[in-house]
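J.: Would you mind keeping the following structure in view while I ask a few things?
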Amino acid sequence: MLAKSSIASLVRSIAHAEQSGFAVEVLVILDRSETVTRQVISDHSSYQFRIVETDFGDPARARNYAISQAKGKYVAFLDADDLWGVNWLTQATLAAQSRHDAVIWHPEVCVYFGSAHHIFVHLDMEEPDFCPSGLMIENYWTALSFGAREVYLQNSYPETDLKAGFGYEDWAWNMLTISRGVKHKIVSGTGHAIRRREQSVSRDTLSVQAGPRPNPYLVAYLQSKQNRPPPISEAPLDMELADDLS
Amino acid sequence: MIRLLKSMSFTRRRIFASGLFDVDWYKLAHPYVVRDKIDPLTHFLRHGSRPRPAPSRLFHAGRYLGDSALASRSRLNPLVHYLAYGKKLNIPIHQAPASGADRILESGLFDSNWYLRENPDVLANGYPPLLHYMVHGALEGRSPGPDFDAKWYLHRYPDIVGINPLLHYIDFGQEEGRTAVRPERVFSIARETIAGIEDLDPDLYATDYFDDIDHIDVVDGRPRTRMARAFEKLIATIDTPPKAIVFLPWLVHGGADLVAAHAIRAMSDKHGSESVVAVICDHDRLEAIHLLPKGVKHLSLLQIEPNLSHVERIELIDLIIRGLRPSTVLNVNSRSCWDAIKRYGNRLQNFTRLYAMLFCPDFSVSGRRSGYADLYLRQCLPFLAGVYFDNSSYIDQLTQQFSVPAELQSKLVTLYQPAPNVARNNTSRHGNSRLRVMWAGRLMPQKNVDLLMRIAEQTQQFEFHIWGRGSHALELQLSDLSRRIPYIHFHGPFERFEALPTSNYDVLLYTSLWDGLPNVLLEAAAAGLTIVASNVGGISELIDGSTGWLVNISDEASHYIDALSEIAMHPAEAQRRIDAMDERLAARHNWERYQRVLTQEPTVSKGFLYVSTNDYGDFKCSPGGNACQIVDS
């Protein structure tokens, strides 16, 4: 039932974006979802949601699948517990259109509610006080990101495997994308509301002392200090993509 | 001014003339002097000895007294002492630490013009703005500039009482993530965000989220812990990600340190000095840093951040491995690293190949078995790619003790340490002269110094030369023995074995109660000494009836005396065994064999020295914790 609020915030943000002249498609991935969630979503079928049921049991694979199915130029994620600010889609699209390089966008603030009560401020990689080593210790950004679909297509989310000690697909993805030359920035003046439940995936992840999957983030950072090419086989985003994004 | 100077005492005149007393700086550094209307120089002269305030930024009073015992003993005001004596004696002086006012100016958070604009009373009285802030403004809750809101800070953080809030922020609050000004922008965006959606969810509309807005925590992701600071500093010192990291507790003159140095040297020889970094984890002791090959970088966690706790060091080791992703990692006796493998080995085995070295059991003061194998091997072995032992006996013992399954047994590798190349210059014993017996080691219960003393006391046939340090009580006993008995010589500590005058001795006597295959035996053998040793641990793999004298009943003095007597009476047999030992060293304890084993074994993970061309993600460990498999690219 909590998804009801999320969907309502999505509808409101879409309306704002459409008023600004942007077309929006909604793709709902129901990954091993409960019956109640399915019913809540189908109540909004009048908004022409594309609903796909999956059985991944892994947020990373669900995100990657969603990207593969999306058709738009840009992609924005909304998790079922959370709510977008009304102007999110509009402002994020405008910000994305202002840059010609590979950028992932985040809201400026996240208002945590439910079992939490604090405000989380996202960091901007292009600010002078950005601390690269700290991202190894804490995740700087939530999973509700926005960016060109091409960026997501070229950078799949690393799968989680709590048994092997790997969780936090969004954190691992943030590091992976940075190691490949993608910037993470904030959309000024925007916010999300993030629901913290008593029992969440993050807490399961914490309980098994999981961390992000191996990625070349820090090694790439050290090598960039020396102006060396990154060690990964995949090429960073090239100029063709930059042109596509423009 | 001249009249004023003339009216002053000689000491005051001398201080003023020195230029080392800065009245304005002193007032800012000690604002209570102004508040209490005390003459600054009088205050300095009265209190300059204790608690030793600095007279200006140019003179560090405390350090001056610390550097000069003469000045400290004199009980004079340090500046007075310096001007009267220290200057002539060329005692160096140093800059004083930044005062509170200095730190405030350096922070950029004090804005004189803004302060005067916001505080017209200060402007009207012609009070210097910073002095006013230090003397009155801070305690009155006035703000120093637009970027620090004192009222907000004191309201938001009620734990700050009776101290300058700006200094609290500069010294502590900033690092703790406290905010200097009310985060109006964040609150405004948060309010706007919630206003647009709060009607959608009962958790938002049932209560006013911003009811007590000033006490809502505003945080960003940047970690501000001591461990995070240490990690940031550590990363700043690294230019090239290493292919291998060796974790050590310290780097002192010990057997395990030498063993670690061998592995580091082998890696440096094979892949270059930049390929390997030594991380000193548990103690900031680097006495044997010369053991590292030239060009090999070392990092001491406690030098980077002296107050790191054991738990913080475990976290840091986990981060170092996950971040730098070396192809291979070796732990040589670092407890923090063992704990990191125990706690995080399940995931760390996917970031690197983890190796460790084990030598022998160890015992606590109360006699309990508490060596690293006992404490960690069972839990860590599934995550380790291999464990190297300097002897095979201990592998057999542990395999039996823990019923190590066959698939994990393949990870346990005997890695005989290389013997040093020593130029021999042994002086031969003349005719009836006494046999010269050397004993060298730590004066600890493990080494059975009691037995040594019994052997030495029970015979007058031999000359004993005892080297080492350790237990104070044992040192005293040996000194006493040395004074009482002319053929027993206690020489005290030695830095390294190769520095000992081994050419003056005939026999190395080794009396240990438990051991692996101690390096000192390899060094003694390489130096051409006949060896008499207790049969414990892996010693029998080096010393047997053909290469030396192995004493089976290890705590009985008479057996050692019998062996020494046999050597004294049969020098030709002793020489035959030295020759046999030379052959054993050449065959088994050579550098090439050492490198080969360290490159190829355990077979499945290819050994610590193996580094693939693709440094990142070239191996996979099976989820069940079986041995790592190399996947060549």
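The values are calculated or read from the model by the stated rules, or taken from the named source; none is laboratory data. A quick note: this is a predicted structure, and the numbers were derived from the prediction, not measured. FYI the Cβ positions are ideal-geometry reconstructions off the backbone, even for glycines, and counts take in every protein chain you see.
J.: When you go through B:Asp506, B:Asp480, B:Asp544 one by one, which is the residue that is within 15 Å of B:Val437 (Cβ to Cβ) and of a type in the set (Asp, Glu)?
T.: Going through B:Asp506, B:Asp480, B:Asp544 in turn, just one is within 15 Å of B:Val437 (Cβ to Cβ) and of a type in the set (Asp, Glu): B:Asp506.
J.: What number goes with the only condition from (1) at pLDDT 95 or above; (2) out of contact with any Pro (no Cβ under 6 Å at 6 or more places or on another chain) that B:Ile245 does not pass?
T.: The one condition B:Ile245 does not meet is (2).
J.: Just checking, how many residues over the range B:234-271 are under 22 Å from B:Tyr416 (Cβ atoms) and outside any helix (DSSP H, G or I)?
T.: 5
J.: Looking at (1) in contact (Cβ under 8 Å) with a residue 40 or more places away in the chain; (2) over 24 Å from A:Pro212 (Cα atoms), which is the only condition B:Val365 fails?
T.: It is condition (1) that B:Val365 fails.
J.: Take the residues in the range B:162-185 that are away from chain A (no Cβ under 11 Å) and among the small types (Gly, Ala, Ser), then tell me which one is farthest from B:Gly141 (Cα to Cα).
T.: Here the residue is B:Gly173.
J.: Considering the range A:79-110 alone, what residues qualify as being farther than 24 Å from B:Pro202 by Cβ and within 13 Å of chain B (Cβ to nearest Cβ)?
T.: Correct list: A:Leu89, A:Thr90, A:Gln91, A:His106, A:Glu108.
J.: Examine the range A:111-126 for a residue that is more than 14 Å from chain B (Cβ to nearest Cβ) and hydrophobic (A, V, I, L, M, F, W, C), and state whether such a residue exists.
T.: No, every residue in the range A:111-126 fails to be more than 14 Å from chain B (Cβ to nearest Cβ) and hydrophobic (A, V, I, L, M, F, W, C).
J.: Then there is this: Of everything in the range B:241-259, what is small (Gly, Ala, Ser) and either in contact with a helix residue (DSSP H, G or I) (Cβ under 7 Å, 6 or more places away or on another chain) or within 8 Å of chain A (Cβ to nearest Cβ) (or both)? Give them in sequence order.
T.: Selection gives B:Ala244, B:Gly255.
J.: Continuing with the same structure: Determine, yes or no, whether B:His472 is modelled with pLDDT of 95 or more, closer than 28 Å to B:Ala288 by Cα and not assigned by TED's automatic domain parsing to the domain that holds B:Leu258.
T.: no
J.: Look through the range B:586-617, keep the residues that are buried (at least 16 other Cβ atoms within 10 Å of the Cβ), within 14 Å of another protein chain (Cβ to nearest Cβ) and at negative phi, and return whichever of them is modelled with the highest pLDDT.
T.: So the residue we want is B:Val611.
J.: Among the residues of the range A:65-76, is any within 18 Å of A:His184 (Cβ to Cβ), in a helix (DSSP H, G or I) and within 12 Å of chain B (Cβ to nearest Cβ)?
T.: Within the range A:65-76, none of the residues are within 18 Å of A:His184 (Cβ to Cβ), in a helix (DSSP H, G or I) and within 12 Å of chain B (Cβ to nearest Cβ).
J.: Quick check: anything in the range B:94-104 within 20 Å of B:Thr11 (Cα to Cα) and either at pLDDT below 90 or not charged (D, E, K, R) (or both)?
T.: Taking the range B:94-104 as the starting set, the residues that turn out to be within 20 Å of B:Thr11 (Cα to Cα) are none.
No: zero hits.
J.: Looking at the range B:112-141, I want the residues that are farther than 15 Å from B:Asp24 by Cβ and have a partner that is in a loop (DSSP other than H, G, I, E, B) with Cβ atoms under 6 Å, at least 6 apart or on another chain. Which pairs are those?
T.: Filtered contacts from the range B:112-141: B:Trp114/B:Pro146; B:Ala138/B:Asn164.
J.: In the range B:385-409, how many residues are assigned to a loop (DSSP other than H, G, I, E, B) and surrounded by 19 or more Cβ atoms within 10 Å (Cβ to Cβ)?
T.: Here the count works out to 3.
J.: Which residue pairs have Cβ atoms under 8 Å apart, sit 6 or more places apart or on different chains, and have a first residue in the range B:214-240 that is more than 22 Å from B:Pro183 (Cβ to Cβ) and more than 7 Å from chain A (Cβ to nearest Cβ) and a second that is among the β-branched types (Val, Ile, Thr) and not in a loop (DSSP other than H, G, I, E, B)?
T.: B:Ala230/B:Ile304; B:Lys233/B:Ile304; B:Leu234/B:Ile304; B:Leu234/B:Ile320; B:Thr237/B:Ile304
J.: Filter the range B:347-369 down to residues that are more than 20 Å from B:Leu412 (Cβ to Cβ), not in a strand (DSSP E or B) and not charged (D, E, K, R) and give me whichever is farthest from the other protein chains (Cβ to nearest Cβ).
T.: Ranking the qualifying residues of the range B:347-369, first place goes to B:Gly367.
J.: Just checking, how many residues over the range A:182-211 are under 26 Å from A:Leu153 (Cα atoms) and at pLDDT 95 or above?
T.: Selection size over the range A:182-211: 11.
J.: Scan B:Ser188, B:Ser268 and give me the residue that is at pLDDT 95 or above, in the same structural domain as B:Phe389 (by TED's automatic domain parsing) and over 21 Å from the mean Cα position of the chain (by Cα). First the steps, then the outcome.
T.: Numbers: B:Ser188 fails: in the same structural domain as B:Phe389 (by TED's automatic domain parsing).
That would be B:Ser268, the only listed residue that is at pLDDT 95 or above, in the same structural domain as B:Phe389 (by TED's automatic domain parsing) and over 21 Å from the mean Cα position of the chain (by Cα).
J.: Considering only residues that are buried (at least 17 other Cβ atoms within 10 Å of the Cβ), charged (D, E, K, R) and under 21 Å from A:Lys71 (Cβ atoms), which ones fall in the range A:24-60?
T.: A:Asp31
J.: Would you call B:Leu123 surrounded by fewer than 19 Cβ atoms within 10 Å (Cβ to Cβ), in contact with a helix residue (DSSP H, G or I) (Cβ under 8 Å, 6 or more places away or on another chain) and of a type outside the set (D, E, K, R)? Step through it out loud before you land on a result.
T.: Values: surrounded by fewer than 19 Cβ atoms within 10 Å (Cβ to Cβ): yes; in contact with a helix residue (DSSP H, G or I) (Cβ under 8 Å, 6 or more places away or on another chain): yes; of a type outside the set (D, E, K, R): yes.
So B:Leu123 passes the test.
Rundown of residues vs (1) without any contact (Cβ under 8 Å) to a residue 60 or more places away in the chain; (2) aromatic (Phe, Trp, Tyr), yes/no style:
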{"position": "B:Ser482", "(1), (2)": "yes, no"}
{"position": "B:Pro486", "(1), (2)": "yes, no"}
{"position": "B:Tyr505", "(1), (2)": "no, yes"}
{"position": "B:Leu508", "(1), (2)": "no, no"}
{"position": "B:Asp515", "(1), (2)": "no, no"}
{"position": "B:Asp555", "(1), (2)": "no, no"}
{"position": "B:Ile561", "(1), (2)": "no, no"}
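J.: If you go through the range B:186-206 one residue at a time, do you hit one that is outside any loop (DSSP other than H, G, I, E, B), at the interface with another protein chain (Cβ under 8 Å from one of its Cβ atoms) and over 18 Å from A:His118 (Cβ atoms)?
T.: For the range B:186-206, residues outside any loop (DSSP other than H, G, I, E, B), at the interface with another protein chain (Cβ under 8 Å from one of its Cβ atoms) and over 18 Å from A:His118 (Cβ atoms): present.
J.: Oh, and also: For B:Gln600, are the conditions met, namely being in contact with a helix residue (DSSP H, G or I) (Cβ under 7 Å, 6 or more places away or on another chain), within 30 Å of B:Gly386 (Cα to Cα) and among the polar types (S, T, N, Q)? Steps first, answer last, please.
T.: On the way: in contact with a helix residue (DSSP H, G or I) (Cβ under 7 Å, 6 or more places away or on another chain): no; within 30 Å of B:Gly386 (Cα to Cα): yes; among the polar types (S, T, N, Q): yes.
Answer is no for this residue.
J.: What number of residues within the range A:12-23 are touching a helix residue (DSSP H, G or I) at 6+ places or on another chain (Cβ under 6 Å) and surrounded by fewer than 17 Cβ atoms within 10 Å (Cβ to Cβ)? First the steps, then the outcome.
T.: Step one: list which residues in the range A:12-23 are touching a helix residue (DSSP H, G or I) at 6+ places or on another chain (Cβ under 6 Å), which gives A:13, A:16-17, A:20, A:22.
Applying the additional criterion that residues be surrounded by fewer than 17 Cβ atoms within 10 Å (Cβ to Cβ) yields A:20.
The total comes to 1.
J.: For the range B:17-60, which residues satisfy the criterion of being closer than 20 Å to B:Ser74 by Cα, part of a helix (DSSP H, G or I) and among the aromatic types (Phe, Trp, Tyr)?
T.: B:Phe44
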